[in-house]
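Structure first, then comments.
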Amino acid sequence: ARSAAIFSAGTDIEITSGGSINIANNYSQAGGSIFMTAAEDINNSNYTIQADEDIVMNATNINNISTATSATDATATPTKIEAGSMVSLNAQKDSSGNGGNITNLGATIKGGDLVYLTAANNITNKALIDYKINGSEVNPTFTGDAASYLTSLSSAEDLITASTAKNIRSTLVSQGVIESGGNIVLVANNDINNQGSKITSAGSTLLEATNG
C-alpha cells in the first residue's frame, strides 16, 4: 500500500516552493485546508490531495494527471484534488509568457461547495485513453515529470491521427471529472477544452474563455 500524510484536525497546511511542487504522497487534511504556491508548476500524478475545508493552488501550470494504463489501475491509484468546501486553482504565465495552463487528464477535481479555476492560457479536462495500432501499444511514457508526459502524450496522439493502419483500437482508461456539489466557475484567457470528460455541478456552471 502507498504511504500517506495525514495532518492534524482543525489545522491548515501551507506548502510554498520557488520551483515546482511534485506530489509524492496521498495528502489528507482533516478539519482544515491545504494551500500550495509554486513559482513554477504543481504536478500531481496518481495521488489524492484531500482537505475537509479548502484546497487553494497557485502556480505557472497545474497538472492533475493520471498516468494509469488501465481502468483497473486508475481506480486503484486515483488522481484527485478534492475539498469539502472549495477548490481554487490559479495558473498564471511566468515572466517569459510561458505556462498559465490547468490540465486535468483522466483525473478528478471536486469541491463540495465551489470549484473555481482560472488560467492565463488554457483549461483542459480530458479523458485518458489507451491506444493500440495493430495490437501494439501506443501510449505516452511517464518518467515522473508531467511536462515530458504531456509532450509524449501529444506525440502518441499525433501518431494515431497520422496512422493509416486499419486496426486502431482505443479504450477508455479514465474520464476527466470536474465536479461540484455547488457551483463551478472556469475562466481561461485562451481556451477551455473538455474532451470525453465531465463538468458537472449541483448548482450553476459558468464557463468563460476568450477563444472558446
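Could you list, in sequence order, the residues of the stretch 101-126 that are touching a Pro at 6+ places or on another chain (Cβ under 8 Å) and not polar (S, T, N, Q)? Steps first, answer last, please.
Pass one, the stretch 101-126, residues touching a Pro at 6+ places or on another chain (Cβ under 8 Å): 107-108.
Within the stretch 101-126, just A107 meets the criteria.
Out of A107, A120, which single residue is open to solvent by less than 10 Å² (accessible area, probe 1.4 Å) and on the phi < 0 side of the Ramachandran plot?
Numbers: A120 fails: open to solvent by less than 10 Å² (accessible area, probe 1.4 Å).
Going through A107, A120 in turn, the sole match is A107.
Can you find, within the stretch 9-41, the residue that is most open to solvent (accessible area, probe 1.4 Å) among those that are hydrophobic (A, V, I, L, M, F, W, C) and touching a Ser or Thr at 6+ places or on another chain (Cβ under 7 Å)?
Going residue by residue through the stretch 9-41, those that are hydrophobic (A, V, I, L, M, F, W, C) are 9, 13, 15, 21, 23-24, 30, 34-36, 38-39.
Remaining after also requiring touching a Ser or Thr at 6+ places or on another chain (Cβ under 7 Å): 38-39.
On the way: A38: 8, A39: 60 Å².
Selected residue: A39.
From S95, S154, S163, grab the single residue that is open to solvent by 50 Å² or more (accessible area, probe 1.4 Å), over 30 Å from T200 (Cα atoms) and among the small types (G, A, S).
On the way: S154 fails: over 30 Å from T200 (Cα atoms); S163 fails: open to solvent by 50 Å² or more (accessible area, probe 1.4 Å).
Going through S95, S154, S163 in turn, the sole match is S95.
For A74, are the conditions met, namely being in contact with a helix residue (DSSP H, G or I) (Cβ under 6 Å, 6 or more places away or on another chain), outside any strand (DSSP E or B) and either at negative phi or surrounded by fewer than 18 Cβ atoms within 10 Å (Cβ to Cβ) (or both)? So that I can check it myself, show each step before the final result.
On the way: in contact with a helix residue (DSSP H, G or I) (Cβ under 6 Å, 6 or more places away or on another chain): no; outside any strand (DSSP E or B): yes; either at negative phi or surrounded by fewer than 18 Cβ atoms within 10 Å (Cβ to Cβ) (or both): yes.
For A74, the condition - in contact with a helix residue (DSSP H, G or I) (Cβ under 6 Å, 6 or more places away or on another chain), outside any strand (DSSP E or B) and either at negative phi or surrounded by fewer than 18 Cβ atoms within 10 Å (Cβ to Cβ) (or both) - is not met.
Could you list, in sequence order, all residues of the stretch 104-127 that are of a type in the set (A, V, I, L, M, F, W, C) and assigned to a loop (DSSP other than H, G, I, E, B)? Before the answer, list the steps.
Here is the first cut: in the stretch 104-127, the residues of a type in the set (A, V, I, L, M, F, W, C) are 105, 107, 109, 114-115, 117, 119-120, 123, 127.
Passing the criteria: A107, A120, A127.
Would you check if N101 is under 22 Å from E208 (Cα atoms) and open to solvent by 30 Å² or more (accessible area, probe 1.4 Å)?
On the way: under 22 Å from E208 (Cα atoms): yes; open to solvent by 30 Å² or more (accessible area, probe 1.4 Å): yes.
The answer is yes for N101.
Tell me, which residue of the stretch 160-199 that is charged (D, E, K, R) and at pLDDT 95 or above is farthest from T124 (Cα to Cα)?
Out of the qualifying residues, it is E179.
Under the condition of being open to solvent by 10 Å² or more (accessible area, probe 1.4 Å) and assigned to a loop (DSSP other than H, G, I, E, B), which residue from the stretch 53-68 is farthest from S17 (Cα to Cα)?
It comes out as A68.
The values are calculated or read from the model by the stated rules, or taken from the named source; none is laboratory data. Only a predicted model underlies this, so the values are computations on that prediction, with no experimental measurement involved. Here the Cβ is made from the backbone with ideal geometry for all residues, glycine too, and neighbour counts use every protein chain on show. Accessible surface areas use protein heavy atoms only, side chains included; no ligands, DNA or RNA. Shrake-Rupley method; radii C 1.70, N 1.55, O 1.52, S 1.80 Å.
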